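One structure, pasted below without further comment.
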Amino acid sequence: MTVDRAPLTEKLVSALEAIVGPQHVAAPETALPEGVDGRLPQAVVFPKDPEEIGAILRYANENRLAVIPVGGGTQLGLGHPPERAEIALSLSRLDQIVAHEPADMTVTVQAGISIAALQAHLARHGQCLPYDPPLPGRATIGGIIATREAGPLRQAFRGVADRLLGIQVVTASGKIAKAGGRVVKNVSGYEMGRLYTGSLGTLAVIVEATFKVQPSFLDAGMIAVSLPSVEAARPVIRALLDSDAQPVLLELLGPITVGAASPAELLSGFPQHARAFASFEASDLPGGQSGALLVAGYAGTREEMEWQLAEAERLITPHLDKGAAMERIPWALGHQAVLQAHRHDAQRVVPLAASAPLDSAGARAQQRAGTSPADDYVTCRAHVRASELVQVVSQALALAAGSGFALAYAAHAGTGIVRFHVPAGDEERLAWLIGSLREGSIGAGGSLIVERAAPSLKAKISVFGPLGKEFFLHKAIKERMDPIRILNPGRFLGNL
Amino acid sequence: MSSQQGAASATQGRVTPRLVEELRRVVGEENVFVEPSEVLAWECDGYTLERHPPEAVVLPASTEEVSRVMRLLHQAQVPVIPRGAGTSLSGATVPVGGGVVVSLSRMNRILKIDLENRRAVVEAGVVNLWVTRAVENDGFFFAPDPSSQGACTIGGNVATNSGGPHTLKYGVTINHILGVEMVLADGTVVELGGDVEERPGYDLAGFVIGSEGTLGIVTKAVVRLTRAPQTYRTLLAVFDTIDAATRTVSEVIRQGIIPAAVEMMDNLIIQAVEEAFHFGFPKDAAAVLIIELDGLQAGIDELSRRVQAICAQEGAREIRAARDEKERQELWKARKRAFGAIGRISPSYVTQDGVVPRTKLPDILRIIAEVGRRHGIPIANVFHAGDGNIHPILLFDDQNPDEVERVLAASDEILTACIELGGSVTGEHGIGIEKVKHVAAMYTQDDLDVMTGLREVFDPGRRLNPGKIFPSSKGCIEVKRPRPKASA
Ligand SMILES: Cc1cc2nc3c(=O)[nH]c(=O)nc-3n(C[C@H](O)[C@H](O)[C@H](O)COP(=O)(O)OP(=O)(O)OC[C@H]3O[C@@H](n4cnc5c(N)ncnc54)[C@H](O)[C@@H]3O)c2cc1C
Ligand SMILES: Cc1cc2nc3c(=O)[nH]c(=O)nc-3n(C[C@H](O)[C@H](O)[C@H](O)COP(=O)(O)OP(=O)(O)OC[C@H]3O[C@@H](n4cnc5c(N)ncnc54)[C@H](O)[C@@H]3O)c2cc1C
């Protein structure tokens, strides 16, 4: 991957240093060596509070400089490559828990706190936020809100915005603005939290958020089923969803070789399997590799969990034929495998600089230790009607097989969300494949976004797909909130 | 932008005979009302302290008609007040500055039910309860259940982000809407969100929920259907002090138990409900809690025992469990009819809707009692205790101007106390006209500028439901607020 490196502007660095102090401005070569989708900013700045962020944004506005908010840096490749990228603004020093009253079941945190740090705090009170992103040690609350990603637990707990009670941001013009509050119900004023969730840092910098938390699972267990084909999963999914036993996650993963191993072995092998998959050529595919793994997770008290697992087994049993197998597996094993299936490189991404500049040679060497992540495979995420998910996956597999692509998938089966992974390679052919997969998703009532691809590939495709006839509203909102286009310019739908 | 808040009225158009004629051509002669005697029915909603008749009322029957009506009103620059069933408790449908009420009551069809994907597509005028009625035999329900659910519409629920007793576990309206079809101020029809969980771009469907008719007229909604739980345990816990009841609420939640609902009724409400319906509540109790647990058969009795133990430990003098579905329904009927029962003991009442952190419930209830005593206004409490969402009902006689003043003062003090305790002035009824002045206490001008700026993206002329939610800044033309008058 080539990295455009703009000449470092003394003026910019000294202006930023005047705001945050010299020890909190870093050279991008050390603090963000991979850049942002191939672009290296001129400086990385680590403000300590919303006021400093406001001052930075005002300066950027006056000088028409682009600002890239950075949380844990785990998803900086999401969206179109930024048009411009002068300042990377890290939230890492805003990492405090502002308020937590366990009996109120609400928690207020700064945007730069990692999900793992927050979960550890909540766990001490028997509580949690039911989101389970890969890389929890790095992914931040701000990044989670900005990307509106929801993982496997969405099946039971819905999306990120569903628990967001209040939010504070710094607007593009540098003003601190809040909406909502710290109580569990509130209908005073507009739902700004909804607008910021999924806005990919294009409307404002998120600095603080209040969430409704959840009691921790008392007990949780899983069942994994290996099935001879993805089509065989459809009646099982229906039966499991149509039951009093409601899974908290229901994942469909594949392809797998049926009968090669037990479901548990397949799952424990899944990270390697999936990772290896990224470098597979279609010709490497053994003929039998067309099966699927279905993983259903249940939680509750011991008694509730046991009843549900037994009920799920009862429902699955009639569907077990032709080499299908079913097995109970520990939650931790299944959960880890599922996350890996959604994000293959999860173990390989190297931490960013936390705050102060790192020794540059050290940081670079560290970064290079992982392979350049965006290059080795391409990921698309589709949202379709849940009832059509299996069909969409099955069509994708046929499409890939017919055109010589090795395609792996991981789906939140109950909510109609599926990720497709294919090895990077010939970009013309990939562009064609993405277009075809997108057609399938649109046909099933939904959409497809390209979550991960090299900037050169992104130049050949549309990251978000058709704009839709409501695009004029999206555009007008961006123009209203960030008229000079300093926040993540060009990254979002329609290159907003 | 805030300095232009009042400007809309300066350019406000009038409802001319010609406009009326054109509106009639779109929706039919019989679906436009202009006679003062006719439009009086739309002069207020569930909040009766302020009234102002609209200039006209239009009842379109389709999205297409709504769009054409909106185009005409746009050309004429006339303010528009979207309206569902008119059960708002915050005056959100009162045409304070005149204008035309567009009522969705004729758009009341359930268009599609898709059980496999757990959603339904309904027109905005569909009554909340009809959705549940349509799917309950299949084991589903529409989770937001305002106490007014037999009358209020899905469009009104979307516009006010309504809650209800069961939002403690299931969330409010926003958690159950996947998409809306909406007509903008100029007549443009847009589809926001839709059939699937997420669309690329900003979450506009989420954003417009709770906007009280200021961003567009909702014509359809894609709603989530929720699977009915396997079983329920519904308890009635009786307390000799309000404090003990509110402490119980906090303790249940603190122990990691999330009931489906925790509702509280105080002595005044118990008496009113008993008088009206004879459910058999102890008339001398200071407070009762209705606690509903739902979920799997497996484990629910254990959970119920834990909750009963907490009640006892906090001082409940009696705990009854509904023995069957009939008893359960009776309890809920008592709760949901509490407002109606109040009508029997007081000629008029105003319901407030503040929220405090759950742990502050004992404080706010003490404050409410004190405020009521000081102003000589009886206040009854029946509310969503599990959410910290209070509903003090202030009883008065609206023929008595002095009482009206005291009710307004007492309401103000209660809402101010909610803000001071870290809460909000409204959990589910919305700002409407009633609480506009409190908005400035909750938000800074910078906070509000962001919101009003976005309003202009949707409705540059600010003609949709003017005078609601946002305070107009000083120096601007104030929307004239008439003195309260006697009910007709
Ligand atoms: C439940 C769940 C499941 C997930 N599953 C997957 C998965 O399977 N595969 C996958 O690839 N990802 C997944 N993700 C997303 C992944 O975890 C993201 O990496 C993470 O949410 C981003 O956090 P970050 O702090 O690293 O953000 P960054 O990578 O630093 O930033 C991501 C984007 O958000 C913007 N941003 C960050 N912080 C802010 C802020 N404070 N204000 C404004 N904008 C900001 C950035 O500008 C950038 O555009 C999941 C997330 C969740 C919550
Ligand atoms: C006895 C009683 C009990 C109640 N209990 C509860 C409760 O438990 N929880 C709760 O949340 N509320 C409760 N309410 C308040 C009220 O019922 C809700 O706010 C309800 O959602 C209003 O629906 P509606 O159809 O009557 O709307 P209306 O009162 O007609 O309108 C309310 C607001 O929505 C707007 N609006 C209506 N339809 C549309 C549309 N199609 N498009 C755009 N805007 C629209 C109006 O402009 C107005 O701003 C109660 C009211 C009463 C009278």
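Inside region B:183-204, can you point out the residues that are more than 7 Å from chain A (Cβ to nearest Cβ) and either within 16 Å of ligand 1 (Cβ to nearest atom) or over 11 Å from residue A:470 (Cα atoms) (or both)?
Once the filter is applied, which keeps residues that are more than 7 Å from chain A (Cβ to nearest Cβ) and either within 16 Å of ligand 1 (Cβ to nearest atom) or over 11 Å from residue A:470 (Cα atoms) (or both), region B:183-204 yields B:183, B:184, B:185, B:186, B:187, B:194.
Could you tell me whether region B:362-371 includes any residue that is closer than 26 Å to residue B:162 by Cα, touching a Gly at 6+ places or on another chain (Cβ under 9 Å) and either within 14 Å of chain A (Cβ to nearest Cβ) or surrounded by fewer than 17 Cβ atoms within 10 Å (Cβ to Cβ) (or both)?
Yes - at least one qualifying residue is present in region B:362-371.
Do we find that residue B:153 is within 11 Å of another protein chain (Cβ to nearest Cβ) and within 9 Å of ligand 2 (Cβ to nearest atom) in this structure?
So residue B:153 does not fit the description; no.
Based on what the data block shows, is residue A:60 assigned to a loop (DSSP other than H, G, I, E, B), crowded, with 23+ Cβ neighbours inside 10 Å and not assigned by TED's automatic domain parsing to the domain that holds residue A:181?
Considered against the rule, which asks whether it is assigned to a loop (DSSP other than H, G, I, E, B), crowded, with 23+ Cβ neighbours inside 10 Å and not assigned by TED's automatic domain parsing to the domain that holds residue A:181, residue A:60 comes out as no.
Identify all residues within region A:100-150 that are of a type outside the set (A, V, I, L, M, F, W, C), in contact with a strand residue (DSSP E or B) (Cβ under 7 Å, 6 or more places away or on another chain) and farther than 23 Å from residue A:297 by Cβ; write none if there are none.
Those that are of a type outside the set (A, V, I, L, M, F, W, C), in contact with a strand residue (DSSP E or B) (Cβ under 7 Å, 6 or more places away or on another chain) and farther than 23 Å from residue A:297 by Cβ: A:100, A:102, A:106, A:108, A:110, A:112, A:114, A:121, A:138, A:140, A:142.
Which condition number does residue A:416 fail, the rest of (1) over 19 Å from the mean Cα position of the chain (by Cα); (2) without any contact (Cβ under 8 Å) to a residue 40 or more places away in the chain; (3) within 14 Å of chain B (Cβ to nearest Cβ) being met?
(1)
State whether the residues of region B:294-316 include one that is β-branched (Val, Ile, Thr) and either free of Cβ contacts under 8 Å to residues at least 12 places away in the same chain or away from chain A (no Cβ under 14 Å) (or both).
No; the residues of region B:294-316 include none that is β-branched (Val, Ile, Thr) and either free of Cβ contacts under 8 Å to residues at least 12 places away in the same chain or away from chain A (no Cβ under 14 Å) (or both).
Of these, A:208, A:231, which one is more than 16 Å from ligand 1 (Cβ to nearest atom) and of a type in the set (Asp, Glu)?
A:231
Is it the case that residue A:103 is surrounded by fewer than 24 Cβ atoms within 10 Å (Cβ to Cβ) and of a type in the set (Gly, Ala, Ser)? Working first, answer last.
Values: surrounded by fewer than 24 Cβ atoms within 10 Å (Cβ to Cβ): yes; of a type in the set (Gly, Ala, Ser): yes.
Against the criterion (surrounded by fewer than 24 Cβ atoms within 10 Å (Cβ to Cβ) and of a type in the set (Gly, Ala, Ser)), residue A:103 qualifies.
While we're looking at this one, here's another question. Is there any pair with a first residue in region A:393-404 that is under 21 Å from residue A:237 (Cβ atoms) and a second that is of a type in the set (Gly, Ala, Ser) and at pLDDT 90 or above whose Cβ atoms are under 6 Å apart and which are 6 or more apart or on different chains, and what are they?
Every condition considered, the pairs that remain are A:395/A:440.
Tell me which of these residue A:59 doesn't satisfy, since it passes every other one: (1) within 12 Å of the chain's Cα centre (by Cα); (2) more than 7 Å from ligand 1 (Cβ to nearest atom).
(1)
Only one residue in A:393, A:418 is under 17 Å from residue A:292 (Cα atoms), at pLDDT 95 or above and touching a Ser or Thr at 6+ places or on another chain (Cβ under 9 Å), so which one is that?
Residue meeting the stated conditions: A:418.
Take residue B:450 and decide whether it is farther than 30 Å from residue A:481 by Cβ and modelled with pLDDT of 95 or more. Walk me through it before giving the result.
Details: farther than 30 Å from residue A:481 by Cβ: no; modelled with pLDDT of 95 or more: yes.
Criteria not met by residue B:450.
So, residue A:166, is that one within 9 Å of chain B (Cβ to nearest Cβ) and more than 18 Å from the chain's Cα centre (by Cα) or not?
no
If we keep just the residues of region B:211-231 that are within 10 Å of chain A (Cβ to nearest Cβ) and in contact with a Lys or Arg (Cβ under 9 Å, 6 or more places away or on another chain), which is nearest to residue B:140 (Cα to Cα)?
B:227
Please work out if residue B:381 is more than 16 Å from ligand 1 (Cβ to nearest atom), at pLDDT 95 or above and within 14 Å of chain A (Cβ to nearest Cβ). It would help to see each step written out before you state the result.
Values: more than 16 Å from ligand 1 (Cβ to nearest atom): yes; at pLDDT 95 or above: yes; within 14 Å of chain A (Cβ to nearest Cβ): no.
For residue B:381, the condition - more than 16 Å from ligand 1 (Cβ to nearest atom), at pLDDT 95 or above and within 14 Å of chain A (Cβ to nearest Cβ) - is not met.
Within the group A:102, A:50, which residue is at pLDDT below 95 and either within 14 Å of chain B (Cβ to nearest Cβ) or touching a Pro at 6+ places or on another chain (Cβ under 8 Å) (or both)?
A:102
Quick one: in region B:259-269, which of the residues that are within 23 Å of the chain's Cα centre (by Cα) and surrounded by fewer than 24 Cβ atoms within 10 Å (Cβ to Cβ) is nearest to residue B:312 (Cα to Cα)?
Initially, region B:259-269 is screened for residues within 23 Å of the chain's Cα centre (by Cα), giving B:259-266, B:268-269.
Remaining after also requiring surrounded by fewer than 24 Cβ atoms within 10 Å (Cβ to Cβ): B:260, B:268.
Values: B:260: 20, B:268: 23 Å.
Among those residues, the one meeting the criterion is B:260.
For region B:421-434: of the residues being out of contact with any strand residue (DSSP E or B) (no Cβ under 6 Å at 6 or more places or on another chain) and more than 7 Å from chain A (Cβ to nearest Cβ), which is surrounded by the fewest Cβ atoms within 10 Å (Cβ to Cβ)?
Within region B:421-434, the match that is surrounded by the fewest Cβ atoms within 10 Å (Cβ to Cβ) is B:421.
Would a scan of region B:29-36 turn up a residue that is farther than 26 Å from residue B:87 by Cβ and part of a loop (DSSP other than H, G, I, E, B)?
No, region B:29-36 contains no residue that is farther than 26 Å from residue B:87 by Cβ and part of a loop (DSSP other than H, G, I, E, B).
Look through region A:113-127, keep the residues that are buried (at least 18 other Cβ atoms within 10 Å of the Cβ) and either over 26 Å from residue A:156 (Cα atoms) or within 14 Å of chain B (Cβ to nearest Cβ) (or both), and return whichever of them is farthest from ligand 1 (Cβ to nearest atom).
Selected residue: A:125.
Report the residue count in region B:69-106 for those that are among the hydrophobic types (A, V, I, L, M, F, W, C), within 10 Å of ligand 2 (Cβ to nearest atom) and in contact with an Asp or Glu (Cβ under 6 Å, 6 or more places away or on another chain). Walk me through it before giving the result.
To start, the set of residues in region B:69-106 that are among the hydrophobic types (A, V, I, L, M, F, W, C) comprises B:69-70, B:72-73, B:76, B:78, B:80-81, B:85, B:89, B:92, B:94, B:96, B:100-102, B:104.
After this cut, where a residue has to be within 10 Å of ligand 2 (Cβ to nearest atom) as well, the list is B:80-81, B:85, B:89, B:92, B:94, B:101-102, B:104.
Subsequent filtering for residues that are in contact with an Asp or Glu (Cβ under 6 Å, 6 or more places away or on another chain) retains B:92, B:94.
Residues that pass the stated criteria total 2.
Would you confirm, using the coordinates I've provided, whether residue A:189 is within 11 Å of another protein chain (Cβ to nearest Cβ), free of Cβ contacts under 8 Å to residues at least 24 places away in the same chain and on the phi > 0 side of the Ramachandran plot?
Answer is yes for this residue.
The values are calculated or read from the model by the stated rules, or taken from the named source; none is laboratory data. Just so it is clear, the structure is predicted and the values come from calculations on it, not from any experiment. Neighbour counts run over all protein chains shown; Cβ positions are idealised from the backbone, glycine included.
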